[in-house]
1. For ALA244, enumerate residues with amide H under 5 Å from its amide H, sequence gap 5+ or separate chain, H modeled in the peptide plane.
2. Once neighbouring chains are kept in place and the probe is 1.4 Å, which whole percent of the accessible area of the chain is contributed by carbon and sulfur?
3. Applying the Karplus parametrisation 6.51 cos²θ - 1.76 cosθ + 1.60 with θ = phi - 60° to the phi angles of region 277-287, what ³J(HN,Hα) value in whole Hz is obtained for each residue in order, glycine and proline being reported as x?
4. Taking the alpha-carbon distance from LYS349 and a cut-off under 30 Å, which lysines remain once sequence neighbours fewer than 8 residues away in the same chain are dropped?
5. Region 182-214 to region 383-405: how many Å between their Cα centroids?
6. With the crude spin-label approximation of a point 7 Å out along Cα→Cβ, what separation in nm comes out for LEU130 versus ALA155?
7. Which number comes out as Rg/Rh for region 46-136 once both Rg and the Kirkwood Rh are worked out on C-alpha atoms?
8. Averaging sequence separations of C-alpha pairs under 8 Å and six or more residues apart, then dividing by the length of the chain, give the relative contact order as a whole percent.
Amino acid sequence: MWTDGVAAIDYTHAFYPEMAPAHLAFALLLKGIAPPPTQGFTYAELGCGQGLTTNTLACLHPDARFQAVDVLPSHIANAQALADDAGHDNVQFFEETFAAFAGRGGADFDIIALHGVWSWVSAENRRILLDIISRRLKPGGAVFLSYNCLPGWAADMPVRHLLLERVAAEQGPLPQRIDRALDFMMRLSRQGGYFDHAPSAAALLESLRGKTDNYIAHEYLNRDWSPFYHADIAAQLPGLEFAASATLLDHLDGWRLSPQAAALVAESHGSACETLRDTLTYTRFRRDIFVREPRLLSESERRQHLGALRFGLTVPRHEVPESATSLTGDQMLPATLYAPLADALVEPKSLEQLVAQLPHGFDAVVEALVVLAGLGAVAPSLGVGDTERCHRFNGAVLARNRHSPHIRQLAAPALGTGVVVDVLDRLFLLAEREGADPAAFAWTVLAERGKRLRRDGQWLETVDDNLAEMTRLYGQFLRLRRPRLVALGMCA
Ligand SMILES: C[S@@+](CC[C@H](N)C(=O)[O-])C[C@H]1O[C@@H](n2cnc3c(N)ncnc32)[C@H](O)[C@@H]1O
């Protein structure tokens, strides 16, 4: 029974920006649908894993209340310890099954989020999740639901089946079994047969070699693993309507569909359109937002709500993409709009302020924000977070980086989201907090992890060379990256 095997290994730590209330609000407003309340809301995460998303959101939204549940004791212990160290008073973690959580009472939720859960639990657990949603989601409330979807997964489903069988046949600790099974699968794929007829399967296998054992265990070795057609899920959600995709680039048909493909989609209605889009774009993972009793906004209401959302760069200005490849071919991001917009976004501001500052008009600015947010360079936010609170949370996250490099994001109160910080920069920040010499500290941690630095393509052999390079890198951090982290409120 593979759930038992998977329980022997923790899931990865990650913050998922698509689950942020501001992101959901942006996606819903693009479709003209009223978002859940943006202040004082109640938020539940079902199957929260390590709980980093819930903890980060609880940090950024002190006036909201969060609950999160997961059955794995180590996940909840880690999540609770982080919440305790951060001093969170607005989050409750429950180490229990969905069935036990369903038996709890309490206030209903404005947002219920399930990321990476639906495709990885049994039909019985999905029934329980539907029951929770049906009883606990408020009218106007939103469900974020991600899942592996069809037909994108159809050709590659045997890879998961074969991998599962092979891991079960191996002996020893799970990570070793995974490594040996992957090795076997690579040899298998080179013999052709099915792999010759499903080239994406060989590519999937290749990509798995770069993933961690934790990821592979929880993504592929669960006893339960089912991709779904969007329409089947939409039909099951009790009294909810599909409102929007939280994958923002999905909102831009022009980027994803040729005119002929778009015309084919237009020949259908409702859920069928989504499956046609998935078919034409070879989508394998969906992030859907469903709403109970959605309220359609008038155009002026929609503009008012959108205008109040704030946007800012999640990456340094020079890393904002200047071109992007759409599914319909290369497409430049016109510099006349994107360059001044990116300049303006260095300091987060409301859409209303952006539109007032730029001459391009509301719709053009909104579309450019969808593109940049879809590419991960921009985040929407509901307002400015509490800097002191974020410093404390980030301190707790950084402290964990002493022993593990896995928590990569820090809370950015000015952006209202979590932002990835480079592994060495996290060690520099931790050293500064602890009053240690940043370069020496970062080198000590790196050396303990069996790693060295590289300069001009050459690995550095001696301690002195590594320390000298680390000192140079810390200087670079101080000049080039730290000021931005301070401006975003991520560190003092
Ligand atoms: C693939 S992981 C995703 C975790 C997290 N949402 C993320 O994306 O990082 C699925 C999670 O669901 C939890 N889970 C599975 N079955 C469950 C159940 N019956 N009750 C509670 N949690 C469950 C697992 O322990 C695991 O942490």
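The values are calculated or read from the model by the stated rules, or taken from the named source; none is laboratory data. Given the structure is predicted, the values throughout are model-derived calculations rather than measurements. We place every Cβ from the backbone using ideal geometry, glycine too, and count neighbours over all the protein chains shown. In case anyone asks, the SASA skips ligands and DNA or RNA and just uses the protein heavy atoms, side chains included. Shrake-Rupley method; radii C 1.70, N 1.55, O 1.52, S 1.80 Å.
1. Long-range HN contacts for ALA244: ILE289.
2. On the way: 11010 of 21110 Å².
Accessible surface attributable to carbon and sulfur in the chain totals 52 percent.
3. 4, 4, 5, 6, 9, 6, 7, 10, 9, 10, 10
4. Answer for LYS349, where 30 Å is the Cα cut-off: LYS31, listed by chain and number.
5. 38 Å
6. 3.2 nm
7. Result: Rg/Rh = 0.95.
8. Numbers: 816 pairs, mean separation 82.2, N = 492.
Once divided by the residue count of the chain, the mean separation gives 17 percent.
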